[in-house]
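Peer 1: My questions will all concern the structure given below.
Taken together, the values in this text are just the output of simple stated rules run on the coordinates, not laboratory data. Small disclaimer: the values here were computed from a predicted structure and weren't measured.
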Amino acid sequence: MMDGKAYHYESWISYVLTTGANWAGPIKDFTLIVDKGSTDNYVSFCGTGVKKIGPTTFEMKATDFWPEKDLDVLILNYNDPAANPG
């Protein structure tokens, strides 16, 4: 606890998309949905054409998608000491 003040802590989600470039071709219809879990949380990831589709959810769609790098998602989780005493 930081002097009884609310703070955020980080969680990382990593997904390997580029393993040895073993794709037989592009992903014809790629959809990624990321849910940050709470409206008090923050999320960060790189994507093209990302849209907010709900209070905590974000979507990226691509046609003929060639992964150029692996995917890393950062979620900053809100921690309210008043809600979690002790």
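Peer 1: Among the lysines in the chain, how many pairs, 8 or more places apart or on different chains, have alpha carbons under 21 Å apart?
Peer 2: Step by step, the pairs that qualify in the chain add up to 10.
Peer 1: Relative contact order for the chain: what percent, with Cα pairs under 8 Å and sequence separation of 6 or more?
Peer 2: Working: 138 pairs, mean separation 40.7, N = 86.
In percent, rounded to a whole number, it is 47.
Peer 1: Can you give the Rg/Rh ratio of the chain, where Rg is from the C-alpha atoms and Rh is the Kirkwood radius?
Peer 2: 1.11
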